[in-house]
Amino acid sequence: MQTLIKNGRVIDPANQIDGAFDILINNGKIEAVAPKGKISGSKINDAQIIDAKGCVVAPGFCDMHVHFREPGHEYKETIETGSASAAAGGFSTVAVMPNTSPVNDNRSVTELIISQAEKTGLVNIYPIGAITKGLKGETLSDMGELKESGCIGYSDDGKPVMNSELMRRALEYSRMFDLPCIQHSEILDLTRGGCMNEGIVSIELGLKGMPVEAEDIMVFRDICLLPKTGGRLHVAHISSGGAVDLVRQAKAKGLPVTCEVAPHHFTLTEEACRNYDTNAKMSPPLRTQADIESIKEGLRDGTIDIIATDHAPHDLADKQVEFDNACFGIVGLETALPLTLKLVDEKVITLQRAVDLLTQQPCRIFNLDKGTLGVGKDADIVIFNPDTKYTIEPENFKSRSKNSPYKGWKVRGKVLHTIVAGKSVYSDPNE
């Protein structure tokens with residue numbers, strides 16, 4: 001089965017392509033990428049044609065931080081519904097965090113996740129294994145077994161590894177296995193019982209705050225462990241301007257540290273928590289405008305390596321409670337593109353850089369042969385119209401959960417097609 005995508009603007013940072021190109025797909029692989037109108041003759045006689053006029057054609061987006069809740073919490077999300085949400089957002093590849101039930105800290109759970117992903121046949125799913133058994137922060141998991149089973153990184157996700165000796169050993173193993181340790185940076189002694197950023201807004205609302213120093217101190221500690229261990233540290237969902245500065249300084253010293261930012265941390269501040277909107281409750285919490293400006297500078301100068309959604313679906317029952325009792329997190333896969341394009345509108349980054357942050361860079365950090373439109377590679381492709389304007393309506397999300405603070409936002413940038421291994425896994429119903 002052949003497919004020809006023509007008349008689009010192809011942006012492929014991995015191959016330094018940005019222009020009017022056509023793409024020929026054959027048997028799930030990219031057979032040719034050539035200037036507009038140059039793919040012709042017998043090669044395309046029987047090809048299905050996708051006219052991408054006015055659209056951007058790019059490698060399928062790659063999100064290295066999602067929660068699909070299976071096994072254990074399928075009422076919030078399943079691998080199937082999460083995959084559908086990813087495809088609708090333009091993502092062809094995602095990495096699922098280990099805070100399932102049971103925890104993904106052993107081969108059997110990893111293989112279950114991979115098996116379920118293969119059954120859905122929608123997007124590429126890669127598991128992240130737990131750093132410690134049961135996410136308890138007491139004993140290291142069998143990190144070698146997890147890698148053999150298919151894990152592409154290690155994390156205790158929302159539970160930071162507080163024990164410094166344990167984190168040191170984990171980083172040593174990460175060097176041996178050449179996989180990153182992904183840290184949720186938080187000193188729990190400072191944040192216990194907190195539910196939003198500590199500051200004027202938390203005082204006015206009468207809510208216990210989570211000081212920004214809790215993030216900064218943990219980032220500093222982990223960076224200090226890198227010179228001796230040689231391990232690879234990846235800072236998850238960075239939200240603090242101080243943490244961005246610490247990562248910048250560490251990179252200047254040549255230390256093996258990378259970091260990600262979630263769209264909510266460059267589009268929303270703690271002000272979104274007013275009216276006790278639990279959809280704005282997340283961990284790390286929404287910070288200040290000054291933190292957002294530091295994050296934007298980190299995106300400009302390359303300190304921040306990738307954009308990841310931290311897609312965290314929750315049922316209504318988990319959110320329609322008192323603010324301090326509500327679960328942390330929001331869904332993010334289906335709003336990532338338009339929120340990232342706001343950075344382009346603000347001239348923080350270029351469109352090419354935006355695509356890079358969502359494609360090539362995540363795959364570089366996690367050693368994945370994805371995020372490229374190179375000839376011979378899997379045909380994982382997103383086609384989106386950057387100019388289509390619409391209103392975000394969470395009730396229309398493919399995700400099983402609808403917990404989003406972006407309801408009613410006017411945005412631009414709509415995914416029209418997502419293709420995985422040459423197969424269409426999403427098409428906009430209005431297209």
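Quick notes on this structure:
- Residue pairs meeting the criteria (Cβ under 6 Å; at least 6 apart or on separate chains; first assigned by TED's automatic domain parsing to the domain that holds GLU334 and acidic (Asp, Glu), in the range 253-264; second buried (at least 22 other Cβ atoms within 10 Å of the Cβ) and part of a strand (DSSP E or B)): GLU260/ILE306
- Strands (runs of 3 or more DSSP E) lying entirely in the range 41-85 (those with 3 or more residues that are surrounded by fewer than 24 Cβ atoms within 10 Å (Cβ to Cβ)): 48-51
- Residues that are at negative phi, of a type in the set (Gly, Ala, Ser) and surrounded by 22 or more Cβ atoms within 10 Å (Cβ to Cβ), drawn from the range 354-386: ALA354, ALA379
- Pairs meeting the criteria (first residue in the range 104-115 and surrounded by fewer than 17 Cβ atoms within 10 Å (Cβ to Cβ), second residue in a helix (DSSP H, G or I), beta carbons under 7 Å, at least 6 apart or on different chains) are ARG107/GLU145; ARG107/SER149; GLU111/SER149.
- The range 352-381 - residue that is of a type in the set (D, E, K, R) and not in a loop (DSSP other than H, G, I, E, B) and, of those, nearest to LEU179 (Cα to Cα): ARG364
- When residues of the range 317-364 are limited to those that are hydroxyl-bearing (Ser, Thr, Tyr) and touching a residue at least 24 places away in the same chain (Cβ under 8 Å), the one nearest to ALA379 (Cα to Cα): THR359
- From the list ASN124, ASN99, the one residue that fits, being touching a residue at least 60 places away in the same chain (Cβ under 8 Å), buried (at least 19 other Cβ atoms within 10 Å of the Cβ) and closer than 28 Å to ALA214 by Cα, is ASN99.
- Selection count where residues are of a type outside the set (Asp, Glu) and in a loop (DSSP other than H, G, I, E, B), scope the range 382-431: 18
- Hey, ASP51 more than 28 Å from the chain's Cα centre (by Cα) and at negative phi or not: yes
- If the condition is being in a helix (DSSP H, G or I) and more than 26 Å from SER92 (Cα to Cα), then the range 318-351 contributes ASP318, LYS319, PHE323, ASP324, ASN325.
- Checked against (1) farther than 19 Å from PRO405 by Cα; (2) part of a helix (DSSP H, G or I); (3) touching a residue at least 40 places away in the same chain (Cβ under 8 Å), ALA272 passes all but condition (1).
- Just one residue in the set LEU299, LEU233 is under 18 Å from the mean Cα position of the chain (by Cα) and under 24 Å from GLU334 (Cβ atoms); that residue is LEU299.
- Test for ASP178: is it surrounded by fewer than 15 Cβ atoms within 10 Å (Cβ to Cβ) and either at pLDDT 95 or above or not assigned by TED's automatic domain parsing to the domain that holds SER294 (or both): yes
- For the range 148-202, a tally of residues being assigned to a helix (DSSP H, G or I) and of a type in the set (Val, Ile, Thr) returns 3.
- The residue that is nearest to SER240 (Cα to Cα), counting only those in the range 300-350 that are touching a helix residue (DSSP H, G or I) at 6+ places or on another chain (Cβ under 7 Å) and hydroxyl-bearing (Ser, Thr, Tyr), is THR303.
- Flag for ASN275 being over 22 Å from the mean Cα position of the chain (by Cα) and closer than 30 Å to LEU316 by Cβ: yes
- Sole residue being modelled with pLDDT of 95 or more, under 29 Å from ARG69 (Cβ atoms), assigned by TED's automatic domain parsing to the domain that holds TYR276 and surrounded by fewer than 24 Cβ atoms within 10 Å (Cβ to Cβ), chosen from LEU333, LEU351, LEU339: LEU339
- Among the residues examined, LYS389 does not qualify as modelled with pLDDT of 95 or more and surrounded by 14 or more Cβ atoms within 10 Å (Cβ to Cβ).
- Residue list for the range 393-414, filter: over 28 Å from VAL235 (Cβ atoms) and touching a strand residue (DSSP E or B) at 6+ places or on another chain (Cβ under 7 Å): GLY408, LYS410, ARG412, LYS414
- Within the range 366-379, residues that are under 11 Å from ALA32 (Cα atoms) reach partners that are small (Gly, Ala, Ser) and part of a loop (DSSP other than H, G, I, E, B) with beta carbons closer than 6 Å, at six or more positions or on different chains, in the pairs ALA379/GLY28; ALA379/GLY422.
- Qualifying positions in the range 170-214 - within 26 Å of LYS136 (Cβ to Cβ) and either β-branched (Val, Ile, Thr) or touching a His at 6+ places or on another chain (Cβ under 6 Å) (or both): PRO180, ILE182, ILE187, THR191
The values are calculated or read from the model by the stated rules, or taken from the named source; none is laboratory data. This one's a predicted model, so the numbers in the text were calculated from it and none came from an experiment. Positions of Cβ are backbone-derived with ideal geometry, glycine not excepted, and every protein chain shown enters the neighbour counts.
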